[in-house]
Structure formats: structure tokens, C-alpha cells
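Scroll down for the structure; my scribbles are underneath it.
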Amino acid sequence: MPADATSRTEQLGAHLKERLQGQVKIREPLAPLTSLNLGGPAELLVEATEVGDVRIVLDTVRRHNLPLHILGDGTNVLVPDEGVTGIVLRLAGVFDQIEFRENKCIAGAGVSVSRAIAETAKAGLAGLEVLYGVPGSIGGAVYMNAGTRYGWTSGILAEVEMIEEDEVRVLPADDLRLSYRYSRLQDQPGIHIITRATFVLKPEPPEDIKARIAAMSQYRRETQPLGNRSCGCMFKNPEGDSAGRLIDVSGLKGMSVGGASVSDQHANFFINRGDAKASDFYKLARLVQRKIREQTGVELEMEVQLIGDWSDDG
Ligand code: EPU
């Protein structure tokens, strides 16, 4: 890194450390924060623990024209081996809390989907468990309108709180124009930070909800490579089909680039055989995309979020 870039990083880091309640780390490795255990460092890894922290981060990003990446649970992202310039933001503190009001669950954007499901089931509120097995955080689930064969985030989401510029805004779910793996927030990434989501759920005995979760868990264990490091499903499902089925019938199971392979168990999961680089995953995804395009005419779209600069790879 050139000397002036190094001093910019140090200065920004010092500026943020002075002002934020949450932790600020300079050139912090991101790999341990991802399910693939891959990728280089963040120029600045920043933890926001309250609304004031998020405002300061947004203001710093605007003033210095910095890229901003939001890292949820690190389960659905690919971080370049060279690392990421700008700020990588994680939400903790008040954004990692869950509250209940009658049949509503208000979950911070930093709460993991799995924890939110466990707590709502325990509270005897049904609905969120349709997301069982979705890797990631509540903020990510809203941003992506995450879903499974049992239902999508949009089916239970009532309201979203987010910070845009300096303002905290609460929007009805309809305002996000949610459709399959889409919210309008994806059109302007890094401008809005989702801070909380309100879900409307239905009272049901916890044992009944837990029994459904157990059945979903068994289906996942039977069909997905849960014992391997992966980033969940690599591609969105094309309309009316399953990306996994398409990759499978195209004969691409087991295909590898470096240490990344298409899983033999579920072809929409790419697994780290232990010695992979992030660029292996990127190249394998592009290769599978090209082969599926050539063999079937279908254009697979990435579901995994690519953060940072990937323009020279693949
Ligand atoms: N299939 C194959 N070969 C494969 C994989 C799947 O033939 O290698 C077939 C299956 O037999 C089934 C069909 O394709 O008939 C659909 O497969 P599956 O039930 O596994 O569902 P999916 O559409 O591939 C979706 C979500 C998963 C979620 C599962 C279970 C997407 C992109 N994926 O997968 O979500 O766990 O349903 O609900 O929508 C994720 O998004 O990261 C994720 C894990």
C-alpha cells in the first residue's frame, strides 16, 4: 500500500476510534469472520453499537468518498484475497437485540437468523422458522428478501427501521418492493443501513414450531453439505427451477478450481476443501455460470454477495 494510503488509513482509524462506542480495527483480517474462512483484511473494520455510531460511519464515508460494506454473519459473502478498501461495518450492541410486543418480534439487523428463529419459537410465535437454514443476519435477510422452499422474509416482514443520510426512518415492508431475493435497497448499496426489522408472527405452541424446525433440519442434513465450509447457495434459483438441480443435471458436481469444488451433495453449494483461495470460488462460479449458459441458455445470477473489487479476477 502506498505511504499516503497508509497514513490515510491510520488517520481515518484514529478519527473513528475517538468518536465511536463500538470497536475500530485497522487492516483486520476478515477471513475468521466468514463461513468460508477466506479473504484478506478490511482497511477498517468498524463495529457500530448504537445509532450515533452508524451516523458517524455514514458521515465519514460521505466526506472521504469511501466504499462501505456491511458484513452480517459473514455466511453469504466472498471477500477478495487482497482484502477490501474502505469501511467494513458490523452491527452489534443495540442492533444485536430482540424484543417481543404481543405477536410482533422486533429484531436488530445484527441478530443472526438462526438466533431469531430459536427465540421466536421459544416465545411461541410462528412464522420466522420458514427461514430455517438461511445463513446470515436479519439485516441481510431483509436486504436479500431471503427465503427457502417454506417461505420468504417478505411473507412475515411488517416494518423496517433504517438509517439513511442522518435520519432514522421506519418504512412499511411494501416500500422495499421485495421480490425473489430482491429489495430496492440493492439498487443503492451502502446508502441505507438497515438497523431493525419488525415481523408479524402467529401464536402457536412452541412444541409445534420446534417439530417443524426439526423436520427442516433433517431435510437440510440429508440434502446439504453442512459438514463443509461453504457460503450457502452460490446462485439464486432461476424462475421455476432450482440452480442446484440445473448444475447437477449438467454434470458439474465435483468440478473444481484450486481448492473450491461444486458439492457432490447439493450442486448449488461450493465447498472449501481446505486449501482454497477466495479467487478459486470466484473463478468456479464464473465457470459454472458459463457452462450452464452454454448448455441450457439459463443465466445463473449470484446469490452470494461479492464485496470489494473483483474486476481483475476470473
Ligand atoms: N436438486 C438436485 N440436485 C442437486 C440439488 C438439488 O437434483 O444437487 C433438486 C432437489 O432434489 C429438489 C430441487 O432440486 O428437487 C430443489 O432442491 P432443494 O430442495 O435443495 O432446494 P433449493 O431450491 O436448491 C432452496 C434455498 C436454500 C434452502 C433450500 C431448502 C435458494 C437459492 N436456495 O434451495 O437456501 O436451504 O431451498 O429450503 O433459494 C441459501 O439460500 O443459501 C439456502 C441454503
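Annotation: Val168 fulfils all but one of (1) away from the ligand (no atom under 16 Å from the Cβ); (2) outside any strand (DSSP E or B); (3) touching a residue at least 60 places away in the same chain (Cβ under 8 Å); the unmet one is (2).
Give region 186-216 a look and list any residue that's of a type in the set (S, T, N, Q), surrounded by 11 or more Cβ atoms within 10 Å (Cβ to Cβ) and modelled with pLDDT under 95, or say none. Gln186 - this is the single residue of region 186-216 that is of a type in the set (S, T, N, Q), surrounded by 11 or more Cβ atoms within 10 Å (Cβ to Cβ) and modelled with pLDDT under 95. Pairing each residue of region 147-164 that is within 20 Å of Val304 (Cβ to Cβ) with any residue that is among the charged types (D, E, K, R), provided the two are 6+ apart or on different chains, yields C-beta distances under 8 Å for Gly147/Arg181.
So, Met144, is that one within 16 Å of the ligand (Cβ to nearest atom), surrounded by 17 or more Cβ atoms within 10 Å (Cβ to Cβ) and not β-branched (Val, Ile, Thr) or not?
Considered against the rule, which asks whether it is within 16 Å of the ligand (Cβ to nearest atom), surrounded by 17 or more Cβ atoms within 10 Å (Cβ to Cβ) and not β-branched (Val, Ile, Thr), Met144 comes out as yes.
Entry remark, region 182-205: residues being among the acidic types (Asp, Glu) and either within 20 Å of Gly110 (Cβ to Cβ) or assigned to a loop (DSSP other than H, G, I, E, B) (or both) number 1 in total.
Matching residues to (1) at pLDDT below 95; (2) within 19 Å of the chain's Cα centre (by Cα); (3) in a strand (DSSP E or B); (4) within 30 Å of Leu66 (Cβ to Cβ):
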residue: Gly251; (1), (2), (3), (4): no, no, no, no
residue: Asp264; (1), (2), (3), (4): no, no, no, no
residue: Ala267; (1), (2), (3), (4): no, no, no, no
residue: Asp275; (1), (2), (3), (4): yes, no, no, no
residue: Lys291; (1), (2), (3), (4): no, no, no, no
residue: Glu294; (1), (2), (3), (4): no, no, no, no
residue: Ser311; (1), (2), (3), (4): yes, no, no, yes
residue: Gly314; (1), (2), (3), (4): yes, no, no, yes
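With respect to the stated conditions, Val134 fails to be part of a helix (DSSP H, G or I), in contact (Cβ under 8 Å) with a residue 12 or more places away in the chain, closer than 30 Å to Ser261 by Cα and within 16 Å of the ligand (Cβ to nearest atom).
In region 220-246, the qualifying residues are those that are part of a helix (DSSP H, G or I) and more than 9 Å from the ligand (Cβ to nearest atom), and the one that is nearest to Ser114 (Cα to Cα) is Arg221.
The values are calculated or read from the model by the stated rules, or taken from the named source; none is laboratory data. Computed from a predicted structure; not experimentally measured. With ideal geometry, Cβ positions are generated from the backbone for all residues, glycine too; neighbour counts draw on all protein chains shown.
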